[in-house]
1. Which one of these is assigned to a loop (DSSP other than H, G, I, E, B) and buried (at least 17 other Cβ atoms within 10 Å of the Cβ): 57, 85?
2. What are the pairs with Cβ atoms under 6 angstrom where one residue, in the stretch 139-156, is within 20 Å of residue 34 (Cα to Cα) and the other, located anywhere, is aromatic (Phe, Trp, Tyr) and more than 12 Å from ligand 2 (Cβ to nearest atom)? Sequence gap at least six, or different chains.
3. Just wondering, is there one or more residues in the stretch 162-172 that are in contact with a Phe, Trp or Tyr (Cβ under 9 Å, 6 or more places away or on another chain) and near ligand 2 (Cβ under 10 Å from one of its atoms)?
4. Where the second residue is at pLDDT 95 or above and of a type in the set (A, V, I, L, M) and the first is in a loop (DSSP other than H, G, I, E, B) and lies in the stretch 64-79, which pairs have Cβ atoms under 8 Å and are six or more apart or on separate chains?
5. On the given criteria, is residue 100 surrounded by fewer than 19 Cβ atoms within 10 Å (Cβ to Cβ), touching a residue at least 12 places away in the same chain (Cβ under 8 Å) and over 25 Å from residue 178 (Cβ atoms)?
6. Every residue in the stretch 136-176 that is within 9 Å of ligand 1 (Cβ to nearest atom), crowded, with 20+ Cβ neighbours inside 10 Å and closer than 14 Å to residue 125 by Cβ, please.
7. Scan the stretch 137-161 for residues that are within 16 Å of ligand 2 (Cβ to nearest atom), over 12 Å from the mean Cα position of the chain (by Cα) and closer than 21 Å to residue 17 by Cβ and report the count.
8. Mind listing whichever residues of the stretch 116-135 are hydrophobic (A, V, I, L, M, F, W, C) and either more than 6 Å from ligand 1 (Cβ to nearest atom) or surrounded by fewer than 22 Cβ atoms within 10 Å (Cβ to Cβ) (or both)?
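The values are calculated or read from the model by the stated rules, or taken from the named source; none is laboratory data. Everything quoted here is computed from the prediction, not taken from an experiment. Don't worry about glycine lacking a Cβ; one is built from the backbone with ideal geometry, like all the others, and counts go over all protein chains shown.
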Amino acid sequence: MESKKSIRRLVQERKDVLSKGERQNLDNIIFDKVINSYAYKNSHTIFIFVSYNNEVDTHKIIKQALRDKKILCVPKIISKEEGMDIVQIKSFEDLKEGAYGILEPDDSELKIEEKNIDVSYLPGLAFDRRGGRVGYGGGFYDRFLLKTRKNSKKIGLAYKFQVFPEVPMEEHDIFIDGIITD
Ligand SMILES: Nc1ncnc2c1ncn2[C@@H]1O[C@H](COP(=O)(O)OP(=O)(O)OP(=O)(O)O)[C@@H](O)[C@H]1O
Ligand SMILES: [Mg+2]
């Protein structure tokens with residue numbers, strides 16, 4: 001099995017090869033699958049990451065979820081030690097560029113308890129079919145997932161080339177329930 005470090009490097013290289021047009025096609029396929037899924041349709045409160053750079057686009061999903069009157073929450077990074085707040089947004093314009101250039105809410109006024117989330121859409125660099133997930137190495141999402149309800153759905157969004165036969169999982173890594181890919 002590859003190390004997390006080598007998997008992260010490999011996936012970043014593969015992502016760089018996709019043209020903007022190719023990526024838009026794949027993003028549209030993923031968008032349709034999310035919006036038409038049972039988990040999405042039957043959820044009241046949704047958590048989703050805000051895509052940045054060459055991640056699977058979530059901006060379109062966020063806008064649709066707001067139109068569908070979901071309670072939509074996104075991460076606001078507090079610090080490496082404290083992790084992230086989960087904050088509701090009511091409009092896409094509530095998102096502003098944060099410390100790392102990533103769009104996030106300005107403040108945590110509409111902070112949502114992790115226990116209230118019905119479905120979480122997660123970023124990641126690599127996934128496997130057991131629910132294994134490798135992120136960017138911050139441990140932010142592993143710590144977040146610990147606080148969600150056991151019966152909430154945890155779903156990764158990824159391109160097909162990010163799915164491996166098996167990715168390394170450590171003690172603190174949380175298995176997810178499924179992946180939506182192109
Ligand atoms: N439950 C936890 N409690 C404390 N520290 C944790 C926990 N989970 C992860 N960490 C810290 O985060 C570090 C990075 O974890 P890991 O390599 O799994 O990140 P990742 O899964 O790629 O990141 P992310 O979860 O943000 O996508 C770990 O070495 C550990 O120090
Ligand atoms: Mg992890």
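1. Details: 85 fails: assigned to a loop (DSSP other than H, G, I, E, B).
After applying the criteria, what remains is 57.
2. Sorted first by the residue in the stretch 139-156, then by its partner, the pairs are 155/121.
3. Within the stretch 162-172, one or more residues are in contact with a Phe, Trp or Tyr (Cβ under 9 Å, 6 or more places away or on another chain) and near ligand 2 (Cβ under 10 Å from one of its atoms).
4. Matching pairs, first to second residue: 70/46.
5. Yes: the conditions hold for residue 100.
6. 141
7. Number of matching residues: 0.
8. Selection gives 117, 119, 122, 125, 126, 127.
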